[in-house]
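Below: the structure, in structure tokens.
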Amino acid sequence: MSYLDAGASGVNSTRTPEPQQTQLVDEAVKWLVLMHSGRFNEADAQRCAHWRGQSSEHQRVWESVEKLNRQFESVPGSLAMPVLNRPRVSENRRMMLKTIALAITAPSAMWLGYRAIPWDSLNAQYRTGTGERRDVALADGSQLSLNTSSAVDVVFDARQRLVLQRSGEIHIQTAHGPQAGARPFVVKTQQGSLQALGTRFVVRCTPDRTRLTVLDGAVQVRPLHWSETQIVPAGQELDFSADRLGAKVPALPGVGQWVQGVLYAEQMRLADFVAELARYRPGILRCDSSVADIPVSGAFQLNNTDRILEALAQTLPVQIQFRTRYWVTVAAR
């Protein structure tokens, strides 16, 4: 398998949806969000029925979006309406539509398991949306980077330097020096705490587990319901839950390269690669089982996920099927 270059041009895929169809999908998603918001009144119902009755294509798109929504857990109204009302979103219609479509169609890191993720993740001190990354210089000189759909709060006081990781994935390079060393640097997730021992490391959270990868130095891990700790050295990673500590294993190559805007793969199953890529774009991105085991290797620039899909289609025996901008399948050619 050759080394894939995401900068390649051209595409070998099925037809991209027409702008009119994409607009209809956007409108249908907005109606669906409003319908599940708890604020859907009789006048709204009449307007929605009028929209659906404008043409057979309106009705077909509505049925497709409604069917898609049934495949996933509906977003509660208390989440959906703030998305509609956020000032930043109202200033940028395109971003609003992406956010709404994500909320309805994809269980991303922000939306998946909303019952388990603390409400604070939506109002965290530092957070990123889908496909966004952010670098933060902390008060002690440490460097914090947030990957896509991530949220943290930072609490520094006289006793400790604390990062409360609400969701997503972060990269930390701790500061050196006697002043920094006087206070422990701790990351807390829903599953436990991680104390840096002069180090650079990556922490990735899901609702039921935390994955630690240590790049330099070492990190001490303590699950929430355990009294014992585990020290993880550089080049190792482990998963843990609130009541279980996994085994240390060699870190996968390329972990943390998202800080430089790169998604790295080395003989990765296509299904796993597509699942990783899906974290960086709104909507559904899935891999057909017939091509799931094709190996992928390469370094892919995350600033344009469409070009990554193009590169897959040019190099592998696959095609990219666009049902809509938010519903994409990697399938056999």
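Listing for the model above:
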quantity: Equivalent ellipsoid, the stretch 134-250 (semi-axes from 5 times Cα gyration tensor eigenvalues, Å); calculated: 20, 16, 14
quantity: Amide H contacts under 5 Å for I294, placed H, 5+ residues apart; calculated: L270, A271
quantity: Net +/- balance of residues flanking A234 in space, Cβ distance below 10 Å, scoring K and R +1, D and E -1; calculated: 0
quantity: Nitroxide proxy distance, nm - points 7 Å out along Cα→Cβ at R209 and F156; calculated: 3.4
quantity: Environment charge at R269 (Cβ cut-off 12 Å; Lys +1, Arg +1, Asp -1, Glu -1); calculated: -4
quantity: Cβ crowding within 10 Å averaged over residues, with 313-326, 162-175, 286-299 ranked highest first; calculated: 162-175, 313-326, 286-299
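Read-outs throughout are calculated quantities, based only on the coordinates presented, and are distinct from any laboratory measurement. Owing to the predicted nature of the structure, the values given are computational and were not obtained by experimental measurement. Because the Cβ atoms are built from the backbone with ideal geometry, glycine has one as well, and the counts that use them run over all protein chains shown.
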